Amino acid sequence: MLVKLTHNASDQGECWPSYQHIADECEIGRSSVKLHIRELEKAGFLRRDTAGRAN
């Protein structure tokens, strides 16, 4: 999951793909993507900033 997110990140480390886009790339369900992202966030590997973005 983290590798797929880095493949979608800009040079500044920002990444804004949809949950569905990541689910399609990883061949898993959208709810699984949300779970993995929450776990990566808890572990300190990423930080979500949803200001101005739709979830």
Legend entry - Subset of the range 31-55 that is farther than 12 Å from Met1 by Cα and of a type in the set (Lys, Arg) - its residue that is modelled with the lowest pLDDT: Arg53
Inset, instruction - May I ask you to list the residues in the range 10-51 that are surrounded by 14 or more Cβ atoms within 10 Å (Cβ to Cβ) and hydrophobic (A, V, I, L, M, F, W, C)? - result: Cys15, Ile22, Ala23, Cys26, Ile28, Val33, Ile37, Leu40, Leu46
Legend entry - Residues within the range 26-43 that are touching a residue at least 24 places away in the same chain (Cβ under 8 Å) and in contact with a Phe, Trp or Tyr (Cβ under 7 Å, 6 or more places away or on another chain), tallied: 1
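The values are calculated or read from the model by the stated rules, or taken from the named source; none is laboratory data. These numbers were taken from a predicted model, which means no experiment stands behind them. No Cβ is skipped: glycine too gets one built from the backbone with ideal geometry, and neighbour counts run over all protein chains shown.
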